[in-house]
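Participant: Take this structure, written in structure tokens, and hold onto it; I'll ask about it next.
The values are calculated or read from the model by the stated rules, or taken from the named source; none is laboratory data. Please read these numbers as outputs of a predicted model, since none were measured by experiment. When we count neighbours, we look across all protein chains shown, and the Cβ atoms used for this are built from the backbone with ideal geometry, even at glycine. Just the protein is used for accessible areas: all its heavy atoms, side chains included, with ligands, DNA and RNA removed. Shrake-Rupley method; radii C 1.70, N 1.55, O 1.52, S 1.80 Å.
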Amino acid sequence: MNTDTLCKFCTGNQSKYVCPKCGAPYCSLTCYKSSIHLECTEQFYKECIQEELDVQDSDDVGKKEMIDILKRVYGENEISESDSDDEEFTDINDRLNGIDLNDAEVVWSYLTDSEKADFEHLVKSGDISKILPQFTPWWCLPIEKQIVTEVGENINDSEFPHLITNIPKLSILSKKSPSDCIQWNLVNMITSYVFLIRYYNGKHKSYLSEFINGLYNLSKNLCLNQNFESYDIAVKSVELCIQEHEMFKGFQEGFILINNDLETIFSNGLDSNCNYNIKLALSDIHNLLTMYKNEQKNISLKKTEQGEFNRKFPDAKATYLILVDIKKVRLLLKKIEYFLSWVDESKL
């Protein structure tokens, strides 16, 4: 048996994991929760909790989702054998009732040692994604619901993007005929959009800056004006960009789902308008860019305190080579309008 891969805490089993804080190899959750490893794990658990809380909205819906997530992490009827007598399990609803779920330190103080360890283990193993609330993007909702939304009946506004209908003629926007590769360039951009909607699990508006910078950097057509000669090449380009970013590690295996999403968007079966989903996607990108532009106008008026957490965990856009400023946003908005105009006059 190779002693270099033995669990540091029991010294009897082969290690399967490595502590992300100290690098110690360990074989199981029991060993990870060893008393000699407590100081290291405490800080990491706190950081995990903070990261999970940061993807939740501060409204009542976000609070309910966080409660549901924590229930799925820890269960409602299980008591770990390692819990001490003074850590008797109580319903997590009762324990978290009335507290600020956006405050990681407060939430942390209400969890037992076993719950903290379980949470860290789920994050480390990658199983944390399995307990997140099930998200259904707008393009996967029934076609009938989309048609009803188009004519303005009472549908939850958050389910579907606002469709831009005042689309100028292509001849007004440009005197030149569109390039033959315009449709594949469109695929490249929408692939980036679909991936990020999935990645943020529908919470992309809460992370608008990261979303817009991701959209720009993952689409070579947007950031470099690169042209594509086929559907497959346009999609593959985004997949390769995703693989280059450490922050997307673990989500790369889900690219089959992204391919299915693209098929849905580009062949949605609406006889009245075969490009309906494409126009919805472009409208959504246009609306998100407009929101981002308005945010950037006010950002200079705010001074963000660089606390310990922010120093250790800079936001996702810090990993991108090119950041989107207001000047780029204006150019991107014009480009989206051009795509919208072309789609409105074309049959894909």
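Participant: Using each residue's phi in segment 218-231, evaluate 6.51 cos²θ - 1.76 cosθ + 1.60 at θ = phi - 60° and report the 3J(HN,Hα) Karplus result to the nearest Hz, with x for Gly and Pro.
Facilitator: With coefficients 6.51, -1.76 and 1.60, one gets 7, 9, 5, 5, 6, 8, 10, 6, 6, 9, 10, 9, 7, 4 Hz.
Participant: Amide H to amide H, which residues 5 or more places from residue 6 or on other chains are under 5 Å from it, using H placed in the peptide plane?
Facilitator: Counting only residues 5 or more places away or on other chains, the set is 15.
Participant: What ranking do 324-333, 208-217 get when scored by the average of other Cβ atoms within 10 Å per residue, highest first?
Facilitator: Descending packing order for the listed peptides: 208-217, 324-333.
Participant: Over 22 Å between Cα atoms: which of 293/334; 169/334; 169/203; 279/335 fall into that group?
Facilitator: Too far apart for the 22 Å limit: 169/203.
Participant: Another question, if that's okay. Considering all alpha-carbon pairs of segment 168-248, what whole percent are spaced by more than 19 angstrom?
Facilitator: That fraction is 42 percent.
Participant: Compute, for residue 171, the solvent-accessible surface of its heavy atoms (probe 1.4 Å) with the complete set of protein chains present, and express it in square angstrom to the nearest 10.
Facilitator: Estimated to the nearest 10 Å², residue 171 gives 70 Å².
Participant: Go through segment 323-340 residue by residue and turn each phi into a ³J(HN,Hα) via Karplus (6.51, -1.76, 1.60, θ = phi - 60°); whole Hz please, and just put x for glycine and proline.
Facilitator: Result, rounded to whole Hz: 9, 8, 9, 4, 4, 5, 4, 4, 5, 5, 4, 5, 5, 5, 5, 5, 4, 4.
Participant: For segment 176-224, with every protein chain kept in place, what is the accessible area per residue (1.4 Å probe, Å²)?
Facilitator: Normalised by residue count, the accessible surface of segment 176-224 is 30 Å².
Participant: Starting from 0.36 nm per residue, how many nanometres of slack lie between residue 110 and residue 36 once their C-alpha separation is accounted for?
Facilitator: Extending this stretch completely gives an extra 24.4 nm.
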